[in-house]
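Novice: Have a look at this one before I ask anything.
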Amino acid sequence: MDLKDLKSFVAVYETRSIHQAAKRLYITPQGLGSIIKTLEKRLDTVLFERDKQGVKPTESAELLYKRAFGLIEQFEKMINEMEQLKKQASRLRVGCACGTFNVLPFEYIQEFIKENLDIQVELCEYTNEEVKRLLLASQLEYGFIIGHWQEERIQLDKLASRAMYLIVYEGHPFWECEEVTIKMLEDQPLILLNEDFTIFHELKKLCQMRGFHPKIIAKTTDINFQHKLCRKKMGIVILPDFIIEDFDMTHLRAIPFQERFAWEVYGVCDKEHMHYRVIQIFKNFLDTYRHTTYKENVDM
């Protein structure tokens, strides 16, 4: 049994049709039928019975389907790791969660590329969860994520932190406040970045810890849209300080939180792959950045 066999089986199981599954897989129905027959022969069982609608899975097919995704994941991870191993000295794929380079200077990464011309660096932006998924699947060597990640396999290094602020409009009850608490957000109409952003989940968790669910009236990926709605006095907004720096804050006010509530950037890699040459070089480079940044913050 190989990866192709399993993916073919899954397609037939999910479509309940050899013809529909063949279209999905871009192969002929005859070729797919042959794959399924070979798989049945190897497993010494019948996986599908034909009926008027197409094919019907047997109990054996139900069992295989339950196990198939885990097997496919293991197969693909093994293939990815083999590929990683072959290119461990010359290729560095880095996944960056949206918003990372608002905190980490992109110029610093460019400096790494210039200093290491023998390393092929591939940078790509993803959602936070996608960076994690690709890293665990060995499709990335390194990742930049927003927020802490509790995963046994992962080496986690905090690289930067920026404070979160509540943005209110002139005339709002909080306008004169020097600081706010999470509890004060209860029953307040909130306009937030959506579920693709860690800040959404962090805020919900903090609110629930204080005994209430946040009143979210709008979710978006567009920060300018948040700004516009807040100006129209439709709700209040929570954003990190680096975004506020680019806003026209006329008739708006940024208020800090009393609690520690921050936009934190972490560097992540698989502990099993930390000995790879490209990861060691990149981590050493980032460690220099971390120590420099820390020293600058202390000197300030």
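The values are calculated or read from the model by the stated rules, or taken from the named source; none is laboratory data. Note that this is a predicted model, so its numbers are computed, not measured. With ideal geometry, Cβ positions are generated from the backbone for all residues, glycine too; neighbour counts draw on all protein chains shown. With ligands, DNA and RNA removed, areas are computed over all heavy atoms of the protein, side chains included. Shrake-Rupley method; radii C 1.70, N 1.55, O 1.52, S 1.80 Å.
Novice: Take residue 122 and decide whether it is touching a residue at least 12 places away in the same chain (Cβ under 8 Å) and in contact with a Lys or Arg (Cβ under 6 Å, 6 or more places away or on another chain). Spell out how you get there, then give the answer.
Specialist: Details: touching a residue at least 12 places away in the same chain (Cβ under 8 Å): yes; in contact with a Lys or Arg (Cβ under 6 Å, 6 or more places away or on another chain): yes.
In short, yes.
Novice: Go through the range 196-229 residue by residue and tally those that are open to solvent by less than 30 Å² (accessible area, probe 1.4 Å), aliphatic (A, V, I, L, M) and closer than 18 Å to residue 254 by Cα.
Specialist: 3
Novice: Just checking, does the range 166-176 include any residue being within 21 Å of residue 105 (Cβ to Cβ), among the hydroxyl-bearing types (Ser, Thr, Tyr) and touching a residue at least 24 places away in the same chain (Cβ under 8 Å)? Outline the logic, then answer.
Specialist: Narrowing the range 166-176 to residues within 21 Å of residue 105 (Cβ to Cβ): none.
No, because not a single residue in the range 166-176 is within 21 Å of residue 105 (Cβ to Cβ), among the hydroxyl-bearing types (Ser, Thr, Tyr) and touching a residue at least 24 places away in the same chain (Cβ under 8 Å).
Novice: Say we look at the range 43-94 and pick out the residues that are modelled with pLDDT under 85 and assigned to a loop (DSSP other than H, G, I, E, B); which of these is least open to solvent (accessible area, probe 1.4 Å)?
Specialist: Checking each candidate, the answer is 53.
Novice: Tell me whether the range 182-197 contains one or more residues that are aromatic (Phe, Trp, Tyr), touching a residue at least 24 places away in the same chain (Cβ under 8 Å) and assigned to a strand (DSSP E or B).
Specialist: Kept after step one, since they are aromatic (Phe, Trp, Tyr), are these residues of the range 182-197: 197.
Applying the additional criterion that residues be touching a residue at least 24 places away in the same chain (Cβ under 8 Å) yields 197.
From what's left, assigned to a strand (DSSP E or B): none.
Looking for residues that are aromatic (Phe, Trp, Tyr), touching a residue at least 24 places away in the same chain (Cβ under 8 Å) and assigned to a strand (DSSP E or B), one finds none in the range 182-197, hence no.
Novice: Then there is this: Consider residue 268 carefully, then state whether it is in a strand (DSSP E or B), under 30 Å from residue 135 (Cβ atoms) and either of a type in the set (Ser, Thr, Tyr) or modelled with pLDDT of 95 or more (or both). Step through it out loud before you land on a result.
Specialist: Numbers: in a strand (DSSP E or B): yes; under 30 Å from residue 135 (Cβ atoms): yes; either of a type in the set (Ser, Thr, Tyr) or modelled with pLDDT of 95 or more (or both): yes.
Yes; evaluated as a whole, the condition is true for this residue.
Novice: Pairs, please: C-beta under 8 Å, at least 6 apart or cross-chain, first residue surrounded by 13 or more Cβ atoms within 10 Å (Cβ to Cβ) and in the range 97-111, second of a type in the set (Asp, Glu)?
Specialist: 97/125; 98/125; 98/196; 100/125
Novice: Something else now. Name the residue that is surrounded by the fewest Cβ atoms within 10 Å (Cβ to Cβ), counting only residues in the range 234-253 that are of a type in the set (A, V, I, L, M) and closer than 12 Å to residue 172 by Cβ.
Specialist: Residue satisfying both the conditions and the ranking: 234.
Novice: Further question on the same structure: Residue check, residue 171 against (1) touching a helix residue (DSSP H, G or I) at 6+ places or on another chain (Cβ under 9 Å); (2) in a loop (DSSP other than H, G, I, E, B); (3) surrounded by fewer than 14 Cβ atoms within 10 Å (Cβ to Cβ), all met but one. Which one?
Specialist: With respect to (1) touching a helix residue (DSSP H, G or I) at 6+ places or on another chain (Cβ under 9 Å); (2) in a loop (DSSP other than H, G, I, E, B); (3) surrounded by fewer than 14 Cβ atoms within 10 Å (Cβ to Cβ), residue 171 is out only on (1).
Novice: While we're looking at this one, here's another question. Just the residues that are of a type in the set (A, V, I, L, M, F, W, C) and outside any helix (DSSP H, G or I), please, taken from the range 95-106.
Specialist: To start, the set of residues in the range 95-106 that are of a type in the set (A, V, I, L, M, F, W, C) comprises 96-98, 101, 103-104, 106.
If the condition is that a residue be of a type in the set (A, V, I, L, M, F, W, C) and outside any helix (DSSP H, G or I), then 96, 97, 98, 103, 104 are the ones that fit.
Novice: Restricting to the range 132-158, what's the tally of residues that are among the hydroxyl-bearing types (Ser, Thr, Tyr) and not in a strand (DSSP E or B)?
Specialist: Initially, the range 132-158 is screened for residues among the hydroxyl-bearing types (Ser, Thr, Tyr), giving 138, 142.
After this cut, where a residue has to be not in a strand (DSSP E or B) as well, the list is 138.
Adding up the residues that qualify gives 1.
Novice: Filter the range 204-221 down to the residues that are under 27 Å from residue 125 (Cα atoms) and out of contact with any helix residue (DSSP H, G or I) (no Cβ under 8 Å at 6 or more places or on another chain) and list them by number.
Specialist: 204, 205, 216, 221
Novice: Run down 193, 159 and say which single residue is open to solvent by less than 40 Å² (accessible area, probe 1.4 Å), over 13 Å from residue 237 (Cβ atoms) and at pLDDT below 95.
Specialist: Details: 193 fails: over 13 Å from residue 237 (Cβ atoms).
Answer to the selection: 159.
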